[in-house]
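Data block below; observations after.
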Amino acid sequence: MVDMTGHTICITAAQRAGTTALQHALDATGSIVNYGEIFHTDPQRVPKPDLMFLNFTRANNIGFADIMIADSAKRIADQYIALLECDAHPKFALIDVKFNSWPILSPAWRYHSREPFFFECLKQHDAVFVFIWRENLAEQILSDFLFRKIGILHNLDEEQVGRQTFEAPVQQLKWLAINICRSEAYMYSYLQSYAQKIIIKYEDLFHGGILTDRFKTAFAKFVDASFPNGRLGEIRPNTVDKQRIISNYDEAATAIMKTAAEHRWVYR
């Protein structure tokens, strides 16, 4: 057991990879304080709005120019991580950083493929990373497509959708699939030599809405958590029939999975 009381657990993934459900499940253990997507700009989408990064910068009069310079950006990152860890103490601070959020706290003049600046800072604070990737990339991307059309993230059912149908923009979604695959490959490379990590497929994370023993065993290496029996949290898998709602579902799903097979080299 690694003594990391007061440190940070960072979940990272693309959208619709089970991160919010995992937040709620870990919250039920009583071992963490959940801060959610810290770089989100909508206070209604985070558990503790006062401590989201946007409000932290406002409260401390931090400007864009402060983040542009490496030395001051490092001080800001360290201050923000310390703030979350202090607020969470003696529990763990749990944060969620989506792939497309890493550049938000980063100085200028960095290649997009370089290890994210804030990622490096979290490593220096001995953070534990939970990296989730979803084998069925078509379901992941088409779930995100429906969210952007309907505006409901979780627990979506047929009644909420009604008689609506949508045509998926296949070429656009193929490009999204390529970007997700590349982001996954980068993230995997950043974590390969880092010990304090859990790399897990979405399909191995939950079974019937319950955290799997595989994840619990991996998590127990870093956090002394007691998992209650049964379903953890209030997030449920969406129950809509995507093949009914998305008029060209088969075409879109086939194109996305073919793209994944071509670009997901690291997971083959």
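Sub-6 Å Cβ pairs linking a first residue in the range 43-67 that is in contact (Cβ under 8 Å) with a residue 40 or more places away in the chain to a second residue that is in a loop (DSSP other than H, G, I, E, B) and among the β-branched types (Val, Ile, Thr), at least 6 apart or interchain, are Phe53/Ile38, ordered by first then second residue. Within the range 163-191, residues that are over 21 Å from Ile246 (Cα atoms) have Cβ atoms under 8 Å from residues that are among the basic types (Lys, Arg) in these pairs: Cys181/Arg264; Glu184/Arg264; Ala185/Arg264; Leu191/Lys197, counting only partners at least 6 apart in sequence or on another chain. Could you tell me whether any residue of the range 111-119 is under 21 Å from Asn34 (Cβ atoms) and either in contact with an Asp or Glu (Cβ under 8 Å, 6 or more places away or on another chain) or of a type in the set (Asp, Glu) (or both)? Checked the range 111-119: no residue is under 21 Å from Asn34 (Cβ atoms) and either in contact with an Asp or Glu (Cβ under 8 Å, 6 or more places away or on another chain) or of a type in the set (Asp, Glu) (or both). Within the range 35-54, one or more residues are exposed (fewer than 15 other Cβ atoms within 10 Å of the Cβ), farther than 26 Å from Leu142 by Cβ and over 19 Å from the mean Cα position of the chain (by Cα). Restricting the search to the range 191-211, which residues are closer than 20 Å to Leu122 by Cα and not in a strand (DSSP E or B)? Answer for the range 191-211, where residues must be closer than 20 Å to Leu122 by Cα and not in a strand (DSSP E or B): Leu191, Gln192, Ser193, Tyr194, Ala195, Gln196.
The rows are residues; the columns are (1) at pLDDT below 95; (2) part of a loop (DSSP other than H, G, I, E, B); (3) under 17 Å from the mean Cα position of the chain (by Cα).
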{"site": "Ile62", "(1), (2), (3)": "no, yes, no"}
{"site": "Gln79", "(1), (2), (3)": "no, no, no"}
{"site": "Glu85", "(1), (2), (3)": "no, no, no"}
{"site": "Arg110", "(1), (2), (3)": "yes, yes, no"}
{"site": "Phe118", "(1), (2), (3)": "no, no, yes"}
{"site": "Phe147", "(1), (2), (3)": "yes, no, yes"}
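The values are calculated or read from the model by the stated rules, or taken from the named source; none is laboratory data. Everything numeric in this text was worked out from a predicted model, so none of it was measured. All Cβ positions, glycine included, derive from the backbone under ideal geometry; neighbour counts span all protein chains shown.
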